[in-house]
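Enquirer: One structure, as structure tokens, below. Some questions next.
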């Protein structure tokens, strides 16, 4: 029996409705989406010693140039180049023959003047000589004494001695060389290397920021540790001896805008030599309530601001802008934006979106921090 045209038109429409209803029915995979898990840590305050690492150069504690104080020919060199010498140790011998003769001549003159002064001293009492003659004899005797002392000093200066203790460098002269008093070239240079200076420079703006933190109370003084300093050598190794901060320059360099700081380090093994490049870590102060968070828990927004993803009490993700002061190892020192007890996402941050419901679990990608603020 043929189908009527009106009923035939309804059949495709009914079929489409059935298919649409079937497609709109919830599928098994879409019925219950699992809540994503994220690893979180609890933000805690801790005591943290603030340090500043600055590049610097080593400088000899004392430097003395060995110079001749009399004229003559070098007869002997009495030290080994590069060795340790003691203050007063003889280094060179200048030909002393002329100065020995000058001492003998001065002794004869002094003897004659002394004898004459003594004789006139007796005669003046008997008024056999005038008081003026006696005074002139005494003056001549004093001049002879001074001339003798000067001759003996010149003779002593033929023995060129070390003015300080330290390590002596190469000699600028050899035996047979003519040297003179007041010459421009030193015979050798002695440097005291134990202890040794380390000069570092710090931008003036960093020093101002440090002082503001101290004045505001955000940063407390480190007490005895405020003058402590440690060194890291150019090869990356840490110097075994600890030093102390001596002084900071009283003026700012106009060209660089920096201030020079000087530290003193013991150097018994002579590992540090003048002119070496080092990194000095200076203890600037301490914070009793510092907040240190792992770097993997801090990101950046399009404006370049530091942001952190947090989980609130309802297990909903929140994004918060924070202020970071510096890096400490693989952590950030946060000054604003985080509070003690906040739950910071450090694992699964790429899945977290503000307003998303999550299941927080203890993070496994963060190592514990000890009381000193270092990785444990």
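Enquirer: For segment 172-315, what's the radius of gyration and Dmax over Cα atoms, in angstrom?
Expert: Computed over the Cα atoms of segment 172-315, radius of gyration and Dmax are 23.3, 93 Å.
Enquirer: Between helix 204-216 and the chain, what is the angle of the helix's C-alpha long axis to the longest principal axis, kept within 0 to 90° and rounded to the nearest 10?
Expert: Compared with the principal axis, the helix lies near 70 degrees.
Enquirer: Just need log10 I(q)/I(0) for the chain at q = 0.11 Å⁻¹, Debye formula, equal scatterers on the alpha-carbon atoms, no solvent, rounded to two decimals.
Expert: With no solvent term, the Cα-only Debye profile gives -0.96.
Enquirer: Okay, next question. Take peptides 117-123, 331-337 and line them up by average Cβ neighbours within 10 Å, highest first, as a rough protection proxy.
Expert: Details: 117-123: 14.9, 331-337: 18.7.
With the highest mean Cβ count within 10 Å placed first, the list reads 331-337, 117-123.
Enquirer: Hey, another quick one. So what's the back-of-envelope 222 nm ellipticity for the chain, counting only DSSP H runs of four-plus at -39500 (n - 2.57) apiece and dividing by all residues, rounded to 500?
Expert: Counting only the DSSP helices, I get -8500 deg cm²/dmol.
Enquirer: Roughly what angle does helix 5-24 make with the longest principal axis of the chain, taking Cα atoms, 0 to 90 degrees, to the nearest 10?
Expert: Once rounded, one gets 30 degrees.
Enquirer: Calculate, in nm to one decimal, what residue 101 and residue 206 gain on full extension: separation in residues at 0.36 nm each, minus their alpha carbon distance. Each step should come with its number before you reach the end.
Expert: Working: separation 105, 0.36 × 105 = 37.80 nm, distance 6.59 nm.
Full extension of this stretch gives 31.2 nm more.
Enquirer: Now for a different question. Based on the alpha carbon coordinates of segment 96-157, what radius of gyration and maximum Cα-Cα distance (Dmax) apply, in Å?
Expert: Computed over the Cα atoms of segment 96-157, radius of gyration and Dmax are 14.1, 46 Å.
Enquirer: Where does helix 97-125 land angle-wise versus the long Cα axis of the chain, in degrees 0 to 90, nearest 10?
Expert: 60
Enquirer: Considering the chain as a Gaussian network with a 10 Å cut-off on Cα pairs, which listed residue, 274, 294, 354, attains the greatest mean-square fluctuation?
Expert: Of 274, 294, 354, the most mobile in the Gaussian network model is 354.
Enquirer: In a GNM of the chain with a 10 Å cut-off on Cα contacts, which of 320, 353, 127 has the highest mean-square fluctuation?
Expert: Most flexible of the set in this elastic network: 127.
Enquirer: What percentages, rounded to whole numbers, describe P(r) for segment 37-115 computed over all alpha carbon pairs with 10 Å bin width beginning at zero?
Expert: For segment 37-115, the binned pair fractions read 11, 21, 17, 14, 9, 7, 8, 6, 4, 3, 1, 0 percent.
Enquirer: If you don't mind, there's one more thing I want to ask. Of 194, 269, 95, which has the largest mean-square fluctuation in a 10 Å C-alpha GNM of the chain?
Expert: 269
None of the figures in this text is laboratory data; all of them are computed from the coordinates on show. Fair warning: this is a prediction, and the values are worked out from it, not measured in the lab. Ideal geometry is used to build each Cβ from the backbone, glycine not excepted, and the neighbour counts take in all protein chains shown.
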